[in-house]
Amino acid sequence: MMQKIQAPANSVEFQLLYGIRRDLQKSLVDRGYPVRVYTPFGTQWYPYFMRRLAERPANLKFFLSNFIKG
């Protein structure tokens with residue numbers, strides 16, 4: 001669920017995990033909000049990525065749909 005944001009674009013920054021909610025990332029950028037996209041890397045990237053997906057089961061659906069879209 002997306003909620004209305006009542007803050008100037010220069011007062012917040014949204015941070016999202018790579019591959020999750022790319023539609024939301026684009027929408028925020030289109031509205032002038034800064035968006036930082038995190039990409040797991042290094043020797044522990046896989047456990048980190050799995051923890052982020054497990055935090056919210058819907059993340060897996062978003063990841064898979066974006067992965068398939070390419």
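Side notes on the structure shown:
- Annotation: average projected area of the range 21-70 is 4.1 square nanometres, based on the convex hull of Cα atoms across all directions.
- Label sites at residue 65 and residue 35, each approximated as a point 7 angstrom past Cα along Cα to Cβ, lie 1.4 nm apart.
- Relative protection proxy for 47-60, 30-43, 13-26, from highest mean packing down: 13-26, 47-60, 30-43 (other beta-carbon atoms within 10 angstrom).
- Computed from point charges on the beta carbon alone (+1 for Lys and Arg, -1 for Asp and Glu), the dipole magnitude for the chain about its Cα centre is near 140 Debye.
- Two-site FRET efficiency, residue 7 against residue 43, from Cβ-Cβ distance with R₀ of 35 Å, rounded to 0.05: 0.40
Where a number appears in this text, it was derived from the coordinates with a stated rule and is not lab data. Just so it is clear, the model here is predicted, and its values are computed rather than measured. All Cβ positions, glycine included, derive from the backbone under ideal geometry; neighbour counts span all protein chains shown.
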